[in-house]
Structure formats: C-alpha cells, structure tokens
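The block underneath contains the structure these notes are about, expressed in structure tokens.
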Amino acid sequence: MMSAQQSPSETRFAEDIPGLMEHPLNTSTLRIFVAATRMNDGKTTTCLGLYGALRALGFEVGYIKPIAQRLIEVDGISVDEDTQLVNTIYDVNIPIAAMSPIAIDSSFTRRYLENPDELRPQITDRICRAFDRAAYKKDIIIIEGSGHAGVGTVFDGSNAHTARMLHSKCILVAGGGIGKPIDEVAINMALFDKMGVECIGVILNKVLREKLEFVREYGGKGLRSLGVPLLGVLPLLPRLAKPNLTQVVNEIDGRWLHRPTLRDDETGTGERIERVIMGAMSANTISGYFGPGVLLILPGDRDDLLFSIIASAGTLNTPVTCGIILTNKFTPNPQLLDMLRQTNIPVVETDEESFVVTTKINNMTVKTQPSDADKIPIIECLVRENIDLPTLLEKLR
C-alpha cells in the first residue's frame with residue numbers, strides 16, 4: 001500500500017499564488033487539509049483519529065500545523081500545543097519545528113502589517129520548507145488548520161490560502177445538526193472555492209446518538225445540494241469532554257494541598273470528573289453523593305464535611321471522591337489537613353467562591369492533552385467506525 005516517495009526532482013512551484021515567491025514543493029505525498037467551521041468543533045480530535053486510522057491501514061503518516069496560535073515551548077521553540085499533542089501520542093518522527101513552522105505571538109500581526117512585502121515571502125518559504133520536511137518518506141500527510149477557512153486572513157495566511165499554497169484538498173469539520181452546520185459549511189466553502197481549493201467532504205461531529213441516522217440522512221442531502229459529500233457523522237461521546245482534576249486545577253488557578261502519588265499520572269490525577277457537587281449541605285447529607293468521579297467543592301472552613309469525608313474514606317469500599325476543592329481562601333487547620341493527607345483523596349485550594357469555581361468547571365472547554373492516553377483508543381475507534389476512509393482516500397488521489 002506504500003507509495004513512492006518524492007525525489008529532489010519531483011517538485012513544482014507556487015507561482016500561481018499572487019505575490020508569493022517560487023517555492024519547490026513535494027508533489028508525490030498525498031495530503032489533506034483539515035479545517036473546521038468554528039472553534040471547538042473537533043478538528044484536532046479528527047486529526048488524531050485520522051492519523052491513527054490511516055497508520056492502522058499501513059500508511060506512513062505525517063502531520064503539520066503550519067500556523068500555530070496556542071503556543072507552548074518545547075526544547076526552546078514556540079510550537080502549537082496540538083502539534084506537541086500529536087507528536088507525543090504518535091511519535092511522528094519529524095522535527096517538532098517542521099510540524100509547527102509559524103508561531104503567531106501577540107505582536108505577530110502588528111509586525112506583519114508594518115512590513116508585509118518582506119514578511120510574506122519569508123512565511124511562505126518557511127511553511128513550504130517545513131511541509132517538505134514533514135512529508136519526507138510519508139505516504140500521506142495531515143495538515144491541520146487553525147480554525148475556519150478565513151482564520152489568518154489579516155496576515156495573508158488564511159486556512160484557504162495555506163491549503164492552496166500546499167496544493168492540498170480539504171475537508172471541513174462542523175458541529176452536529178443540519179441547518180446551522182450546513183450554513184457554516186457553505187460560508188467556508190465559498191472562501192476555499194475562491195482560493196481554488198477543492199473541498200472533498202464534510203464531517204459532522206458531536207451528534208447525539210439518537211439523532212445519528214436523522215443527521216446522516218438529511219445532513220447528507222443538504223451537503224449534496226452544496227456539491228460536497230458527507231464523509232462521516234461522529235457521535236457525541238461525553239467521556240471526551242470530561243476533564244481530570246489537573247485540568248480543573250489549571251482552569252481555576254488552584255493550588256495543590258495533597259496530591260497522592262498512587263493516583264498521579266503524568267499531570268496529576270487521571271480519573272475523569274463525572275459530576276461536580278457543591279458542599280452546601282449537612283455532613284449527613286453529603287455522604288449520599290460520595291462515589292467515583294465525583295468532585296466535591298466546599299469552603300475550607302467546613303470542618304464537619306471534611307471530617308465526614310475522612311471518616312468515609314476509611315470505611316467505604318468504593319472511592320469517596322475523585323477530589324476536593326476548598327474555596328473562599330479558607331485552609332483547614334493543620335491537624336485536619338494532616339488527616340486529609342493520610343487519605344488517598346486529592347485536595348486543592350483556591351481563593352474563589354464555590355459558585356464561581358463550579359461555574360468555571362461547568363463551562364470548561366476540554367481539549368485532549370498528551371496525558372490523556374485513555375482517550376486515544378476511543379478517538380481512533382470513533383473515526384475508524386464512522387468516517388468513510390475509502391472514499392476519503394479515493395478523493396485524495
């Protein structure tokens with residue numbers, strides 16, 4: 001199933017892109033540009049699943065995210081966090097700098113608008129060189145966009161523009177439903193069409209299980225009216241949206257008071273939070289809420305509740321809670337805190353009030369992290385079972 005790899009002579013130029021210098025570009029590696037109609041529609045999840053599914057079919061798979069906006073530092077280099085995620089999960093065997101060539105920091109747009117004629121060819125050259133390196137000895141390469149088709153337009157680097165530069169066809173990931181996602185697909189396709197980029201399919205994501213067949217039938221009809229096929233409908237899987245305690249701590253700027261090593265993974269605790277309970281109740285009542293996946297939020301001066309939790313931790317066969325967040329700037333007295341540290345319950349404190357903390361947690365957008373090893377098989381299965389990979393591959397050739 002492996003395809004022949006490019007040689008130095010197998011190049012073409014991007015002279016058809018107005019205002020850009022000529023750049024040799026690999027032509028033999030299959031490529032697919034993955035964009036989304038909105039933020040948090042599941043673009044990175046789709047890329048992860050496609051990577052695993054294509055590799056399982058025997059392909060050597062590459063990955064690149066040309067424009068990085070959510071930056072982290074890896075080995076002294078600013079790269080996109082999604083690039084680090086894919087590299088950590090799959091060990092892509094490509095230099096991290098080649099997978100994330102352009103970092104958009106807080107002053108990037110201003111610098112570009114002050115001197116576009118100088119920076120435009122530099123950006124293009126860097127992206128094309130990075131793409132060639134990322135595609136080296138690969139059968140297919142996934143190019144992850146930065147959002148919808150127009151993201152990056154202000155510095156002449158929209159997703160549609162980048163897809164054209166790299167001579168890539170694209171797929172769009174949209175949210176579940178029919179009317180709204182199809183409207184958004186139409187808007188995005190207009191810009192891709194204007195840039196001469198072929199959209200070969202749409203994936204509708206986060207669809208309620210009871211509406212899968214309905215969305216598949218009528219969403220497919222609506223998309224066909226736009227001239228683009230429906231490649232797959234991905235069901236909503238609540239587990240993928242459940243955070244672990246470390247992600248919550250980062251969200252609320254919490255501080256660890258007790259972090260049991262037996263429950264630690266690479267980033268803290270790997271247990272998913274299924275339910276958030278505010279401790280605005282009596283000590284007798286709170287015991288009815290104990291159980292795995294329960295996060296308890298209560299003021300740090302509620303000694304009665306903490307004693308109840310500590311007592312139950314030594315008697316119940318099932319875990320009392322996946323963690324406790326102590327609020328309102330109250331830290332338990334030293335003796336009580338020492339008793340908590342004798343349990344296997346993670347404890348965090350924050351200066352915020354309980355209601356504010358609960359609201360923040362309930363409104364979290366949970367992105368897959370490198371430590372989320374439990375999510376990867378789920379994501380791979382999700383894509384493998386619900387996306388028409390043979391049709392996707394046929395349209396790429």
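Listed values, structure above:
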quantity	calculated
Among (1) surrounded by 16 or more Cβ atoms within 10 Å (Cβ to Cβ); (2) modelled with pLDDT of 90 or more; (3) among the hydroxyl-bearing types (Ser, Thr, Tyr) - the single one residue 287 does not satisfy	(2)
Selection from the stretch 228-279 of residues that are among the hydrophobic types (A, V, I, L, M, F, W, C), at pLDDT 85 or above and within 25 Å of residue 337 (Cβ to Cβ)	245, 248, 249, 252, 256, 257, 273, 276, 277, 278
Matching residues, the stretch 371-388, being farther than 24 Å from residue 324 by Cα and within 21 Å of the chain's Cα centre (by Cα)	376, 377, 378, 379, 380, 381, 382, 383, 384, 385, 386, 387
Residues that are in contact with a helix residue (DSSP H, G or I) (Cβ under 8 Å, 6 or more places away or on another chain), surrounded by fewer than 15 Cβ atoms within 10 Å (Cβ to Cβ) and among the acidic types (Asp, Glu), drawn from the stretch 71-99	75
Of all residues in the stretch 25-68 being charged (D, E, K, R) and surrounded by fewer than 21 Cβ atoms within 10 Å (Cβ to Cβ), the one that is farthest from residue 85 (Cα to Cα)	38
Test for residue 365: is it under 30 Å from residue 209 (Cα atoms), of a type outside the set (Asp, Glu), surrounded by fewer than 14 Cβ atoms within 10 Å (Cβ to Cβ) and touching a residue at least 24 places away in the same chain (Cβ under 8 Å)	yes
Strands (runs of 3 or more DSSP E) completely within the stretch 32-102 that count 1 or more residues being in contact with a Leu (Cβ under 8 Å, 6 or more places away or on another chain) and in contact (Cβ under 8 Å) with a residue 60 or more places away in the chain	61-64
Selection status of residue 100, under 20 Å from residue 155 (Cα atoms), modelled with pLDDT of 90 or more and touching a strand residue (DSSP E or B) at 6+ places or on another chain (Cβ under 7 Å)	yes
Sole residue being under 28 Å from residue 100 (Cβ atoms) and touching a Cys at 6+ places or on another chain (Cβ under 7 Å), chosen from 163, 241	163
Of all residues making up the stretch 296-324, the number that are free of Cβ contacts under 8 Å to residues at least 60 places away in the same chain and assigned to a loop (DSSP other than H, G, I, E, B)	11
Count - residues of the stretch 202-232 that are charged (D, E, K, R) and within 18 Å of residue 40 (Cβ to Cβ)	1
Among residues of the stretch 381-397, those that are buried (at least 19 other Cβ atoms within 10 Å of the Cβ) and either under 30 Å from residue 334 (Cα atoms) or not aliphatic (A, V, I, L, M) (or both), counted	1
Those residues of the stretch 333-366 which are touching a Lys or Arg at 6+ places or on another chain (Cβ under 9 Å) and at pLDDT below 90, in sequence order	344, 366
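Table: residues versus (1) under 30 Å from residue 217 (Cβ atoms); (2) of a type in the set (Ser, Thr, Tyr); (3) not assigned by TED's automatic domain parsing to the domain that holds residue 58.
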| site | (1), (2), (3) |
| --- | --- |
| 100 | no, yes, no |
| 103 | no, no, no |
| 106 | no, yes, no |
| 125 | no, no, no |
| 129 | no, no, no |
| 151 | no, no, no |
| 170 | yes, no, no |
| 176 | yes, no, no |
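The values are calculated or read from the model by the stated rules, or taken from the named source; none is laboratory data. If you're wondering where the values come from, they're calculated on a predicted model, not measured in any experiment. For neighbour counting, all protein chains shown are included, and Cβ atoms are generated from backbone atoms with ideal geometry for every residue, glycine included.
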